[in-house]
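Asker: For reference, the structure I am asking about is given below.
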Number of protein chains: 2
Amino acid sequence: MKIRKAFTLIESGPVVLVTTNDRKKNNVMTISWTMVMDFTPLFAITTGPWNYSFAALRKTKECVISIPTVDMLDKVIGLGTCSGSDTDKFEKFMLTPVKGKNVKAPLIKECLANIECKVIDIVKKHNIVVLEGVAAYFDNSHKEKRTVHAVGDGTFIVDGRKINRKKLMRSKIPAGL
Amino acid sequence: MKIRKAFTLIESGPVVLVTTNDRKKNNVMTISWTMVMDFTPLFAITTGPWNYSFAALRKTKECVISIPTVDMLDKVIGLGTCSGSDTDKFEKFMLTPVKGKNVKAPLIKECLANIECKVIDIVKKHNIVVLEGVAAYFDNSHKEKRTVHAVGDGTFIVDGRKINRKKLMRSKIPAGL
């Protein structure tokens, strides 16, 4: 997938997984607090020292954003309710790490899409980590393509119908998307 | 609606409208680049001088985040593809401004929900505006409750099925939500 299209994997607001590798082992966390920041592949996530993954993010300045589908929801919740400090989450949740091209953080084979990212800034005051996508992958062979959106109260919304408004939106969308 | 629940209006990533009042007139813009930053009503939006509303946001330090539903999609796109610099968008799109309690920016009567917000910081380097919700409203009488999520390429995803995982998520959700 062209890296300049990577923001379209995140803009709708799906729950995502963020993988890291601290040079000792792989880890992964679940995050719903994400934001696209530009049509370039620039994203923000809110996280901080309360997440075990944050230390690896800060140290390695790398991660992968993986997009799970609705059939993975209970796994996604499981990943988000235990800690990498005492759990090998890839093993416990039977996720397959796949080597990326530009970062040591692993892609997740079971996910619909993966974006290799570099940490380009951390806004400490607000616990915002600014990421730049450097490579993106979309698994067209993945049968289930619906992602899932956290409401924040323990409920989730599954992707429904798709509506095409490309003509009306032409003035706002970069050419070629 | 309790202000502490306001983040649940945004966390799933719907397209939102942001209203401002620059002490001369009301304005409103469409935004998809939003992020919840805490279980408190703390949100980020990405915007900057390229949006006409940004000057009002910076000057008044106030806005309202309004959540439209899918039946308003073409209006939402219209609002997002013209500028308040030469258009009275409330008039053109027949939106009804409603007086808020804490801010001069108007609520939008036709929307499913509204959140009065104060601008508590602007991270200039990244064009991130940090907002704190101070009052929230949810229109239970609104028949259509499905929101819509921008993919970023001119297509949109409508809310589909809802899944309840409150039990599994209990350890992550503040009490009472």
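The values are calculated or read from the model by the stated rules, or taken from the named source; none is laboratory data. Just so it is clear, the model here is predicted, and its values are computed rather than measured. A quick note on method: Cβ atoms are made from the backbone with ideal geometry, for glycine too, and the neighbour counts reach across all protein chains shown.
Asker: Could you run through segment A:128-164 and say how many residues are at positive phi and more than 7 Å from every other protein chain (Cβ to nearest Cβ)? Spell out the reasoning first.
Answerer: Step one: list which residues in segment A:128-164 are at positive phi, which gives A:152, A:154.
Still in the running and more than 7 Å from every other protein chain (Cβ to nearest Cβ): none.
Final tally of qualifying residues: 0.
Asker: Pairs needed: first member in segment B:165-177, within 7 Å of chain A (Cβ to nearest Cβ) and modelled with pLDDT under 85; second member anywhere, assigned to a helix (DSSP H, G or I) and surrounded by 11 or more Cβ atoms within 10 Å (Cβ to Cβ); C-beta distance under 9 Å; at least 6 residues apart or different chains.
Answerer: Note: pairs meeting the criteria are B:177/B:4; B:177/B:5; B:177/B:8.
Asker: Among residues belonging to segment B:129-149 that are of a type in the set (A, V, I, L, M) and in contact with a Pro (Cβ under 9 Å, 6 or more places away or on another chain), point out the one that is nearest to residue A:125 (Cα to Cα). Please lay out each step first, then the result.
Answerer: Initial filter on segment B:129-149 (of a type in the set (A, V, I, L, M)): B:129-131, B:134-136, B:148.
Restricting the remaining residues to those that are in contact with a Pro (Cβ under 9 Å, 6 or more places away or on another chain) gives B:131, B:134, B:136, B:148.
Working: B:131: 14, B:134: 21, B:136: 25, B:148: 31 Å.
Going through the qualifying residues, I end up with B:131.
Asker: Given the criterion within 25 Å of residue B:31 (Cα to Cα) and hydrophobic (A, V, I, L, M, F, W, C), identify the matching residue among A:76, A:28, A:15. Give the steps one after another, and end with the answer.
Answerer: On the way: A:76 fails: within 25 Å of residue B:31 (Cα to Cα); A:28 fails: within 25 Å of residue B:31 (Cα to Cα).
One residue alone meets the criteria, A:15.
Asker: Could I ask something else about it? Closer than 24 Å to residue A:145 by Cβ and of a type in the set (Asp, Glu): is that true of residue B:139 in this structure? It would help to see each step written out before you state the result.
Answerer: Working: closer than 24 Å to residue A:145 by Cβ: no; of a type in the set (Asp, Glu): yes.
No; evaluated as a whole, the condition is false for this residue.
Asker: Identify, by number, the condition in (1) of a type outside the set (S, T, N, Q); (2) away from chain B (no Cβ under 11 Å); (3) within 29 Å of residue B:39 (Cβ to Cβ); (4) in a loop (DSSP other than H, G, I, E, B) that residue A:94 doesn't meet.
Answerer: So residue A:94 meets the others, but not (3).
Asker: Just need a number here: residues in segment A:31-42 that are facing chain B (nearest Cβ under 7 Å), in a strand (DSSP E or B) and over 10 Å from the mean Cα position of the chain (by Cα).
Answerer: Within segment A:31-42, the subset facing chain B (nearest Cβ under 7 Å) is A:32-37.
Narrowing the set further to residues that are in a strand (DSSP E or B) leaves A:34-36.
Still in the running and over 10 Å from the mean Cα position of the chain (by Cα): A:35-36.
Qualifying residue count for the region: 2.
Asker: When you go through (1) within 30 Å of residue A:125 (Cα to Cα); (2) surrounded by 15 or more Cβ atoms within 10 Å (Cβ to Cβ); (3) among the hydroxyl-bearing types (Ser, Thr, Tyr) one by one for residue B:171, which number turns out not to apply?
Answerer: Only one criterion in (1) within 30 Å of residue A:125 (Cα to Cα); (2) surrounded by 15 or more Cβ atoms within 10 Å (Cβ to Cβ); (3) among the hydroxyl-bearing types (Ser, Thr, Tyr) is unmet by residue B:171, namely (2).
Asker: Restricting segment B:118-127 to residues that are more than 10 Å from chain A (Cβ to nearest Cβ) and assigned to a strand (DSSP E or B), which is surrounded by the fewest Cβ atoms within 10 Å (Cβ to Cβ)?
Answerer: Initial filter on segment B:118-127 (more than 10 Å from chain A (Cβ to nearest Cβ)): B:118-119, B:122, B:124.
Imposing the further condition that a residue be assigned to a strand (DSSP E or B) reduces the set to B:118-119, B:122.
On the way: B:118: 15, B:119: 19, B:122: 17.
The extreme case among them is B:118.
Asker: List the number of the failed condition for residue B:103; all other conditions in (1) in a loop (DSSP other than H, G, I, E, B); (2) surrounded by 20 or more Cβ atoms within 10 Å (Cβ to Cβ); (3) within 14 Å of another protein chain (Cβ to nearest Cβ) hold.
Answerer: The one condition residue B:103 does not meet is (3).
Asker: Could you please find all residues in segment A:79-91 being touching a helix residue (DSSP H, G or I) at 6+ places or on another chain (Cβ under 8 Å) and either within 12 Å of chain B (Cβ to nearest Cβ) or more than 24 Å from residue A:120 (Cα to Cα) (or both)?
Answerer: Keep residues of segment A:79-91 that are touching a helix residue (DSSP H, G or I) at 6+ places or on another chain (Cβ under 8 Å), which gives A:79-82, A:84, A:89.
Within segment A:79-91, A:79, A:80, A:81, A:82, A:89 qualify.
Asker: Further, regarding this structure: Got a sec? Which of A:77, A:65, A:45, A:115 is part of a helix (DSSP H, G or I) and within 27 Å of residue A:146 (Cβ to Cβ)? Explain how you work it out, then say what you get.
Answerer: On the way: A:65 fails: part of a helix (DSSP H, G or I); A:45 fails: part of a helix (DSSP H, G or I); A:115 fails: part of a helix (DSSP H, G or I).
Only one candidate passes the filter, namely A:77.
Asker: Still on this model: Being exposed (fewer than 14 other Cβ atoms within 10 Å of the Cβ) and either over 19 Å from the mean Cα position of the chain (by Cα) or of a type in the set (S, T, N, Q) (or both) is the filter here; which residues of segment A:144-161 pass it?
Answerer: The answer is A:161, and nothing else.
Asker: Hey, can you tell me all the residues within segment B:2-22 that are away from every other protein chain (no Cβ under 12 Å) and either part of a helix (DSSP H, G or I) or touching a Phe, Trp or Tyr at 6+ places or on another chain (Cβ under 8 Å) (or both)?
Answerer: Applying the first criterion (away from every other protein chain (no Cβ under 12 Å)) to segment B:2-22 yields B:3, B:17-22.
B:3 - this is the single residue of segment B:2-22 that is away from every other protein chain (no Cβ under 12 Å) and either part of a helix (DSSP H, G or I) or touching a Phe, Trp or Tyr at 6+ places or on another chain (Cβ under 8 Å) (or both).
Asker: Mind checking which residues of segment A:1-27 are farther than 16 Å from residue A:118 by Cβ, surrounded by fewer than 24 Cβ atoms within 10 Å (Cβ to Cβ) and among the aliphatic types (A, V, I, L, M)?
Answerer: A:1
Asker: Yes or no: residue B:57 part of a helix (DSSP H, G or I), away from every other protein chain (no Cβ under 13 Å), surrounded by 15 or more Cβ atoms within 10 Å (Cβ to Cβ) and touching a residue at least 24 places away in the same chain (Cβ under 8 Å)?
Answerer: yes
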